[in-house]
Amino acid sequence: MLSRFTGRRRFSDLSEQEVLALAISSEEDDSQIYRSFAARLRDSYPASAKIFEGMAREEEGHAQRLLDQHKVRFGDTIPLIRREHIADFYTRKPVWLMENLSLDDIRGQAEEMEQGAQRYYEAAARRSTDADTRALLNDLAAIEAGHEARAADLAEQHLTESAKDAEEKTRHRQFVLTWVQPGLAGLMDGSVSTLAPIFAAAFATQDTWQTFQVGLAASIGAGISMGFTEAASDDGEISGRGAAWKRGVASGVMTTIGGLGHALPYLIPDFWTATTIAVIVVFIELWAIAWIQNKYMDTPFFRATLQVVLGGALVLAAGILIGVG
């Protein structure tokens with residue numbers, strides 16, 4: 001019934017030859033996926049690339065064993081059947097086609113591939129009524145379970161301590177370039193650039209609700225502007241700074257948060273209470289920025305303090321003076 005509507009068959013309707021053919025094509029596809037992962041990682045994570053190359057060879061070896069078994073049982077002609085032809089077969093999301101996959105994304109996808117195949121074959125074997133088919137599916141499940149152990153062996157072989165240190169430094173650098181650097185730039189812009197309009201509006205009107213509206217508009221506007229500017233400034237292909245949308249999101253969100261931090265206190269009806277809390281929030285934000293610069297950007301703490309805290313204090317004072325005047 002299902003095949004009439006979807007054009008695909010159910011796994012339970014396949015013959016033993018087709019089950020074997022499907023296993024062969026799946027192993028071949030997974031081998032190509034692992035080789036694609038290895039190619040992506042080779043420049044930045046050479047040790048991890050070797051692991052995926054080894055896993056690809058393992059998949060090719062299993063496919064050859066399945067081919068040999070098919071030749072013995074059914075001959076040389078293999079039915080053309082792939083996982084997308086089967087309605088209830090496990091699927092592979094084409095994440096290997098995506099740009100700028102992180103090392104953790106790739107490792108997570110590989111683990112999901114192995115575990116998904118193992119679970120499927122085990123479930124299929126449990127509901128099979130044919131002894132030979134059940135044995136075949138159990139063999140396939142054992143092969144997939146063995147891949148995970150083999151991956152651990154390959155990791156011990158290629159991921160030496162020096163290789164792990166090198167890859168950890170590369171991963172840390174990529175994290176800083178993709179998330180910390182644009183996020184920090186956004187937080188600085190949101191925290192500092194919105195000080196003058198918010199506090200000028202506060203002291204000019206002494207109306208907390210109007211001040212909050214000014215702060216909300218300034219924060220959201222600055223966040224949208226910074227997000228699009230960061231995303232459009234560099235696609236990350238040559239600089240290696242990561243996907244443009246990730247950097248845009250980091251910059252835009254942190255810009256908005258930076259502005260909202262000292263706008264939200266003006267939801268308090270009492271002007272001086274709101275202003276006192278807002279000033280305290282401002283100095284917490286500025287010191288947090290200096291700490292982030294020191295921790296992730298290796299900026300000397302004194303210089304970071306001088307740049308951020310002193311600069312922010314000057315902008316704050318300018319906003320207050322303009323509002324009072």
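The values are calculated or read from the model by the stated rules, or taken from the named source; none is laboratory data. Being a predicted model, the structure only gives us computed values, none of them experimental. Glycine gets a Cβ as well: all are built from the backbone with ideal geometry, and neighbour counts include every protein chain shown.
Tell me, which helices (runs of 4 or more DSSP H) lie completely within the range 223-325 with 1 or more residues that are in contact with a Lys or Arg (Cβ under 8 Å, 6 or more places away or on another chain)? Walk me through how you get there before you give the answer.
Values: elements: 244-261, 271-296, 301-305, 311-324.
Once the helices (runs of 4 or more DSSP H) in the range 223-325 are filtered for at least 1 residues that are in contact with a Lys or Arg (Cβ under 8 Å, 6 or more places away or on another chain), what remains is 244-261.
Does residue 37 count as touching a Phe, Trp or Tyr at 6+ places or on another chain (Cβ under 7 Å), at pLDDT below 80 and under 26 Å from residue 109 (Cα atoms)? Write out each step before concluding.
Values: touching a Phe, Trp or Tyr at 6+ places or on another chain (Cβ under 7 Å): yes; at pLDDT below 80: no; under 26 Å from residue 109 (Cα atoms): yes.
No, not satisfied.
Quick one: in the range 58-83, which of the residues that are in a helix (DSSP H, G or I) and without any contact (Cβ under 8 Å) to a residue 24 or more places away in the chain is farthest from the chain's Cα centre (by Cα)?
We begin by selecting, within the range 58-83, every residue in a helix (DSSP H, G or I); these are 58-74, 83.
If we keep only those that are without any contact (Cβ under 8 Å) to a residue 24 or more places away in the chain as well, we get 61, 64-65, 68, 71-72.
Numbers: 61: 31, 64: 34, 65: 36, 68: 40, 71: 43, 72: 45 Å.
Once the filter is applied, the top-ranked residue is 72.
Scan the range 269-309 residue by residue and report those that are under 19 Å from residue 193 (Cβ atoms), modelled with pLDDT under 80 and surrounded by fewer than 14 Cβ atoms within 10 Å (Cβ to Cβ).
Once the filter is applied, which keeps residues that are under 19 Å from residue 193 (Cβ atoms), modelled with pLDDT under 80 and surrounded by fewer than 14 Cβ atoms within 10 Å (Cβ to Cβ), the range 269-309 yields only 306.
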